[in-house]
Amino acid sequence: MNRLAQSALLFLLGATLLHAGTTDLYLRYVKEGLRPLVLLAGAVLVVTAAATLHYDRRGRASAPHPSQRHYSEHHRSERHRPEHRHEPRVAWLLTLPVLALILVAPPALGSYSASHTGTALTKPLGFPDLPAGDPVRLGVADYAGRAVYDKGRSLRDRDLRITGFVTLDRDGTPYLVRMGLNCCAADAQPVKIALTGAVPPVLRPDTWLEITGRYTPRRTEDPVNGRPVPYVQVTAARPVPAPHDPYDETWNS
């Protein structure tokens, strides 16, 4: 690629990162706390693109005019003349992935990833007291951790409200899921809760659902990795919009 193409590609990539960092788009790829680094990386790439173009133009302006070259240079043998190489135009195709990211941003990981990845539930360090008043709002991982590793002691006789997206296993069993991040979407892992009780008769994968329900000691095993997945007894359910941050960063923070 020539310098112009390099500058254009760097600028497009930097502008994409700046666009993602100034909107919620970056939350589909990295943790919320990494926003400053996304903006910094975008700014560095834009500045690098401008500097590359500036130095290229300055170098061309300072280059000697062909008429000022020694007369003998024009009488070199054809076999000794360096071959002028043109940069292949196909190099501009490298801009297509960047344009695709700008124009058609892929969604956050959802039911397909969850159904092909085993639950990543791990034992929490502790179980803080739940706030007074019902229904108490819990994360998917918080409920699953208390149900599995605390045997539901803090969940009994409490009305619970949990939000996640729907995924179905091969047998059609519905799960409420949240994906958790360590760093970015590449290392995202799901935590799952199986649904029973007043479950809506028709559930579409990737639908975000807010359920109200109660603890039940019933469990199953994740069909992918065989780890425990608790059930929740659903008393009410309603579809809700996807949250501002589709990933749950609390269970592995």
*Round to the nearest 10 and report in Å² the accessible area of PHE11, as given by a 1.4 Å probe over the protein chains' heavy atoms.*
110
_To make sure I understand the rule: partners must be lysines, Cα under 30 Å from the Cα of LYS151, and not fewer than 8 residues away in the same chain. Which ones qualify?_
LYS123, LYS192
_Suppose we look only past 14 Å in the calculated P(r) of the stretch 130-192. What percent of the Cα-Cα pairs does that tail hold?_
64
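Per-residue counts of other Cβ atoms within 10 Å, averaged by peptide: what ranking do you get for 178-189, 26-37, 141-152, highest first? Working shown, then result.
Numbers: 178-189: 17.7, 26-37: 16.1, 141-152: 20.2.
Most protected by this proxy first, the peptides run 141-152, 178-189, 26-37.
The values are calculated or read from the model by the stated rules, or taken from the named source; none is laboratory data. Please read these numbers as outputs of a predicted model, since none were measured by experiment. When we count neighbours, we look across all protein chains shown, and the Cβ atoms used for this are built from the backbone with ideal geometry, even at glycine. Side chains are part of the model used for accessible areas, which takes the heavy atoms of the whole protein and leaves out ligands, DNA and RNA. Shrake-Rupley method; radii C 1.70, N 1.55, O 1.52, S 1.80 Å.
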